[in-house]
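The values are calculated or read from the model by the stated rules, or taken from the named source; none is laboratory data. The shown structure was predicted, so the numbers you read here are calculated from the model rather than taken from an experiment. FYI the Cβ positions are ideal-geometry reconstructions off the backbone, even for glycines, and counts take in every protein chain you see.
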Amino acid sequence: MAADDRFTEPFRGAADEPPPGIRSEIITGPVADWATDFSHLEPEWAADPYPIQDDLRQRCPVAHTERFGGAWLPTRYDDVAAIAYDTDRFSSRSIIMGNYRPPLDLAPLGGSPPISSDPPIHHHVRKLLLPAFTKAAVARQEPGTRAMCHALIDALGDRDVVDAAADYAQHIPMRVIAAMLGFPPQDGPRFREFVENTLEGINLPPDERVARMETLFEYLYAQVQDHLASPRDDLTTYLINAEIFGSKLEAEHVVGAMALLLIAGIDTSWSAIGSSLWHLARTPADRERLVAQPDLLPVAAEEFLRAYAPVTMARLVKSDMSWRGVDMKAEDWILLSFPAANRDPAQFDRADEVIIDREVNRHAAFGLGIHRCVGSHLARMELRIALEVWLERVPEFTLADPAAVTWSAGQIRGPRALPLRIGLPWLACRRCRPYSTWTRSTATGSSPSRCRRRCAGCSAVRSRRRRCGRRA
């Protein structure tokens with residue numbers, strides 16, 4: 001087919017000069033006072049941000065830091081909502097807070113539309129993506145997602161300890177969004193690298209951070225070229241052919257939207273699934289109740305989203321102003337903490353508790369205002385199916401080592417290592433799937449023997465040789 005003039009030059013290739021914008025001093029090290037020196041990249045924040053947020057909400061509800069060139073952190077629901085809805089005084093042209101502010105002329109489209117877009121263009125670029133994320137469109141993906149979750153659990157083998165973050169949670173959104181974009185599913189390890197570079201490499205030296213980001217856009221540009229040569233029915237081809245105001249999208253718009261869908265589409269759900277499994281592993285009463293009452297799972301999933309909301313967004317102040325008692329300067333960052341808003345006792349009854357049958361739950365896990373997550377239906381489906389299949393196949397599990405659980409640092413928080421000890425076998429019986437409750441028996445003595453497992457659904461027996469005294 002004829003070449004597309006929009007993509008004849010390499011997109012964001014290596015340049016002799018750094019991209020234009022404002023660079024600030026990189027400040028690292030322990031936080032002196034979270035009210036005046038906060039950093040969402042510090043280990044204490046990644047491990048457990050909630051006590052920090054609760055303390056700030058009481059004594060300094062809009063915290064400040066000189067790190068990242070100057071930033072503010074509101075922790076009350078009303079303050080977070082006010083900023084999220086105020087597009088006149090706060091810009092979304094960069095939604096990842098760091099030591100680089102892109103130039104003003106990047107607005108109103110931004111680098112990752114529509115999440116980085118300001119009005120009036122935002123409405124039009126968001127509308128382009130809506131058809132792919134309707135409830136009906138997402139429902140068509142549910143059977144494939146469920147089958148994939150079963151396959152991931154099948155692949156766990158006979159291990160007694162598994163990493164539910166690395167071996168299960170991360171793969172579900174990776175494979176779903178790869179299929180939607182038409183990317184090779186075997187590129188999953190690269191997707192994880194892109195996520196970490198984008199969201200967790202904030203304090204890297206500027207040259208290194210630029211180089212790492214270039215790998216993402218080089219990959220996306222290669223995918224565009226592949227789709228130009230071989231169009232198919234997926235989001236990448238759709239974006240290449242999409243029009244706004246009668247013209248096809250600029251190359252930066254196409255690839256920026258692809259970057260948003262890939263990064264946000266993976267890390268948010270990966271983190272939500274992992275956090276939910278972490279909660280259930282350390283809260284046996286909730287786990288046992290959901291196993292016994294699977295119909296409660298959609299309500300419980302909403303509570304997990306509220307209590308462990310993974311996403312924090314950023315805004316930039318448009319001009320100097322006094323805002324609710326603090327003096328903000330133009331180009332100050334705002335760290336818009338939806339997790340802190342979701343734990344505000346002024347908004348939620350028993351806000352610090354996880355109540356899996358909470359009836360009223362207007363949480364902000366998917367954001368507030370015009371930038372509310374366009375993929376919320378997809379994220380909900382992935383979380384619900386991931387938990388349904390896991391609890392069906394793995395009804396008993398605990399944290400293998402609570403100290404070994406690690407959490408991502410930055411604006412999307414979720415478990416990166418989540419070792420779980422499995423209480424019952426989880427390999428599905430091929431004869432009567434989805435029944436998967438197996439009994440175990442272990443021979444005694446000092447010589448090798450066969451350990452048996454019997455399916456509760458059809459009485460089929462599987463056995464394997466294992467030294468006596470060890471669990472099958």
- Query: For the stretch 335-354, what are the residues that are in a loop (DSSP other than H, G, I, E, B) and not polar (S, T, N, Q)?
  - Reply: Arg343, Asp344, Pro345, Ala346, Phe348, Asp349, Arg350, Ala351, Asp352, Glu353, Val354
- Message: Residues to consider are Ala264, Ala292, Ala281; find the one that is small (Gly, Ala, Ser) and farther than 28 Å from Phe191 by Cβ.
- Response: Ala292
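Pick from Arg146, Arg159, Arg140: which is buried (at least 16 other Cβ atoms within 10 Å of the Cβ) and in the same structural domain as Thr198 (by TED's automatic domain parsing)?
Exactly one of Arg146, Arg159, Arg140 is buried (at least 16 other Cβ atoms within 10 Å of the Cβ) and in the same structural domain as Thr198 (by TED's automatic domain parsing), namely Arg146.
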- Any chance you could count how many residues in the stretch 217-257 are assigned to a helix (DSSP H, G or I) and small (Gly, Ala, Ser)? 5
- Item | the stretch 197-217 - residue that is acidic (Asp, Glu) and surrounded by 15 or more Cβ atoms within 10 Å (Cβ to Cβ) and, of those, nearest to Ala147 (Cα to Cα) | Glu200
- Determine which single condition Leu156 fails, assuming it passes every other condition in (1) in contact with a helix residue (DSSP H, G or I) (Cβ under 9 Å, 6 or more places away or on another chain); (2) closer than 29 Å to Pro402 by Cβ; (3) assigned to a helix (DSSP H, G or I); (4) among the hydrophobic types (A, V, I, L, M, F, W, C). (3)
- Note on the structure: Here the residues within the stretch 137-153 that are in contact with a helix residue (DSSP H, G or I) (Cβ under 8 Å, 6 or more places away or on another chain) and either assigned to a loop (DSSP other than H, G, I, E, B) or at pLDDT below 95 (or both) are Gln141
- Item | Close pairs (8 angstrom Cβ cut-off, 6 or more residues apart or separate chains): without any contact (Cβ under 8 Å) to a residue 24 or more places away in the chain in the stretch 32-60, aromatic (Phe, Trp, Tyr) and outside any loop (DSSP other than H, G, I, E, B) anywhere | Ile52/Trp45
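Residue by residue through the stretch 236-273, note down the ones that are polar (S, T, N, Q) and surrounded by fewer than 18 Cβ atoms within 10 Å (Cβ to Cβ).
Selection gives Thr237, Asn241, Ser247.
State yes or no: is Asp233 charged (D, E, K, R), closer than 30 Å to Asp401 by Cβ and surrounded by fewer than 20 Cβ atoms within 10 Å (Cβ to Cβ)?
Against the criterion (charged (D, E, K, R), closer than 30 Å to Asp401 by Cβ and surrounded by fewer than 20 Cβ atoms within 10 Å (Cβ to Cβ)), Asp233 does not qualify.
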- Message: Take Leu260 and tell me if it is within 12 Å of the chain's Cα centre (by Cα) and either assigned to a strand (DSSP E or B) or at pLDDT 95 or above (or both).
- Response: yes
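Just give me the residues in the stretch 372-413 being touching a His at 6+ places or on another chain (Cβ under 8 Å) and either under 26 Å from Phe38 (Cα atoms) or at pLDDT below 95 (or both), in sequence order. Spell out the reasoning first.
Let us first name the residues in the stretch 372-413 that are touching a His at 6+ places or on another chain (Cβ under 8 Å), namely 389, 393, 409-411.
Once the filter is applied, which keeps residues that are touching a His at 6+ places or on another chain (Cβ under 8 Å) and either under 26 Å from Phe38 (Cα atoms) or at pLDDT below 95 (or both), the stretch 372-413 yields Ala409, Gly410, Gln411.
Assess whether Ala47 counts as being touching a Leu at 6+ places or on another chain (Cβ under 7 Å), small (Gly, Ala, Ser) and farther than 15 Å from Asp332 by Cα.
When the stated conditions are applied, Ala47 does not pass them.
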- Query: Restricting to the stretch 100-117, what's the tally of residues that are part of a loop (DSSP other than H, G, I, E, B), out of contact with any Asp or Glu (no Cβ under 6 Å at 6 or more places or on another chain) and surrounded by fewer than 20 Cβ atoms within 10 Å (Cβ to Cβ)?
  - Reply: 2
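Results for (1) modelled with pLDDT of 95 or more; (2) touching a strand residue (DSSP E or B) at 6+ places or on another chain (Cβ under 6 Å); (3) over 23 Å from Ser408 (Cβ atoms); (4) in a helix (DSSP H, G or I), shown as yes or no for each residue.
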site	(1), (2), (3), (4)
Ile172	yes, no, no, yes
Ala179	yes, no, yes, yes
Phe183	yes, no, no, no
Gln186	no, no, yes, yes
- Exactly one of (1) at pLDDT below 95; (2) buried (at least 22 other Cβ atoms within 10 Å of the Cβ) is unmet by Arg416. Its number? (1)
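Looking at Val354, is it touching a strand residue (DSSP E or B) at 6+ places or on another chain (Cβ under 6 Å) and in contact (Cβ under 8 Å) with a residue 60 or more places away in the chain?
no
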